[in-house]
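Notes follow once the structure below has been shown.
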Amino acid sequence: MRILGIESSCDETAAAVLDSEKGLLSSVVWTQAAEHRPFGGVVPEIAARAHLEKIDIIIKDALAKADTKFSDLSAVAAACGPGLIGGVIIGAMTGKAIASVLDIPFIAVNHLEGHALAAKLETSVPFPYLLLLTSGGHCQLLEVLGIGRYKLLGKTIDDAAGEAFDKVAKMLDLGYPGGGALVEKAALSGDSRHFNFPRPLAKEKNMDFSFSGLKTAVLHAIKSLPAPLTAQDKSDICASFQAAVIDVMSIKVARAIDRFSADFSDSDKSKTLVVAGGVAANKSLRQALQELAEQRGFSFVAPSLKLCTDNGAMIALAGLERLKLGLTDSLAFRPRPRWPLYE
Ligand code: KG4
Ligand code: ZN
């Protein structure tokens, strides 16, 4: 089986070809950074237009790199939500058109399921596993029981972690795009104890997150310093902010590890913690979670950096896994701006 995966739910236009025997044959990601830079953030209408202009070129490129013709495809998968609806519609309609012309199955993939399964492109991770899904729009702890089977343990009650990284980058004028990566880079030369930022909800006995108060604390710290901020000020803020995020994530993941261990106490299978989504590209976070997992006897798996942020390969994989189970979708499937994994 050979499948084309299409991703267009935010500001990356991406396509990939995945073969059930030979693995990933190509993955092309085009980022719209230049289009959004003048506005300092993703503008949905501009994103949709840019997807429309590029999507056929990206698909053609992905097919050529995979040495694959349209007629070689067994199915087409497109991320059909959640995300910015203009972009989602473009990816979904393109996928449907290809599937319709070739008369092959169409699979409407939940973008979050793509992130949740991405690690499987590189490592064999058996179900069930514990997942921290942390991206620009989501921050959730889930038990991944199987394809389409997720149990929510906790989620953010306000901002996603990636959103907080992006806002801190904006407040500090670090540049655009790649707020999270820029904060991580600045943090390298900062003192993580310089500012004692709050650890929101750390003491609550649940697995929920909150990042909006942390963002406000960063704003207060910026205002308390003489303007303009020095490079060292910025680095100290980034390091202290990142440490606060990693601390709360570690606390919540530790709690989730306990829950997962209790839920699967009668299983003799080895237990695994997977981290996924754009924020999972953060090396300090990966290191902290790896240490935590190992202390608790869990294996730790994180996708390579290019599979953490949005890409077509994870959509192709989710599509292929669904195809194997016969879970295909009608061409009447309506793209969904909101689409929780765990309904
Ligand atoms: O998964 P993704 O590419 O798109 C969404 O589905 O949201 O995640 C993008 C998010 C952005 O908020 C970005 O700032 C964050 O992931 N991110 C990072 C890093 N690289 C990307 N956050 C922290 N550290 C990083 N190295
Ligand atoms: Zn994403």
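Quick notes on this structure:
- Members of region 145-165 that are more than 16 Å from ligand 2 (Cβ to nearest atom) and farther than 16 Å from Leu289 by Cβ: Leu145, Gly146, Ile147, Gly148, Arg149, Lys151, Leu152, Ile157, Asp158
- Filter result for Leu219 (among the aliphatic types (A, V, I, L, M), away from ligand 1 (no atom under 16 Å from the Cβ) and over 30 Å from Glu35 (Cβ atoms)): no
- With respect to (1) more than 19 Å from the chain's Cα centre (by Cα); (2) more than 16 Å from ligand 1 (Cβ to nearest atom), the lone exception for Leu172 is condition (2).
- Flag for Leu152 being more than 27 Å from Pro44 (Cα to Cα) and either assigned by TED's automatic domain parsing to the domain that holds Gln290 or modelled with pLDDT under 95 (or both): yes
- Candidates are the residues of region 288-318 that are more than 12 Å from ligand 1 (Cβ to nearest atom) and polar (S, T, N, Q); the one that is farthest from Ile55 (Cα to Cα) is Gln295.
- One residue stands out among those in region 122-143 that are within 16 Å of ligand 2 (Cβ to nearest atom) and not in a loop (DSSP other than H, G, I, E, B): the one that is nearest to Ser210 (Cα to Cα), which is Cys139.
- Residue list for region 198-224, filter: closer than 17 Å to Lys170 by Cβ and open to solvent by less than 70 Å² (accessible area, probe 1.4 Å): Phe211, Ser212, Leu214, Lys215, Thr216, Ala217, Val218, Leu219, Ala221, Ile222
- Filtering region 254-268 to residues that are surrounded by 15 or more Cβ atoms within 10 Å (Cβ to Cβ) and part of a loop (DSSP other than H, G, I, E, B) leaves only Phe264.
Rundown of residues vs (1) open to solvent by 10 Å² or more (accessible area, probe 1.4 Å); (2) closer than 30 Å to Leu201 by Cα; (3) touching a strand residue (DSSP E or B) at 6+ places or on another chain (Cβ under 6 Å), yes/no style:
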| residue | (1), (2), (3) |
| --- | --- |
| His111 | yes, yes, yes |
| Pro128 | yes, yes, yes |
| Gly146 | no, yes, no |
| Lys151 | yes, yes, yes |
| Gly154 | no, yes, yes |
| Ala164 | no, yes, no |
| Leu174 | yes, yes, no |
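- Close contacts from region 28-43, counting a first residue that is without any contact (Cβ under 8 Å) to a residue 40 or more places away in the chain and a second that is in a loop (DSSP other than H, G, I, E, B) and open to solvent by less than 50 Å² (accessible area, probe 1.4 Å), with Cβ to Cβ under 7 Å and a gap of 6+ residues or different chains, come to Gln32/Asp11.
The values are calculated or read from the model by the stated rules, or taken from the named source; none is laboratory data. Note that the structure is a prediction, hence the values are computed from the model and not measured. FYI the Cβ positions are ideal-geometry reconstructions off the backbone, even for glycines, and counts take in every protein chain you see. Each accessible area value is taken on the protein alone, full model and side chains, heavy atoms only, with ligands, DNA and RNA left out. Shrake-Rupley method; radii C 1.70, N 1.55, O 1.52, S 1.80 Å.
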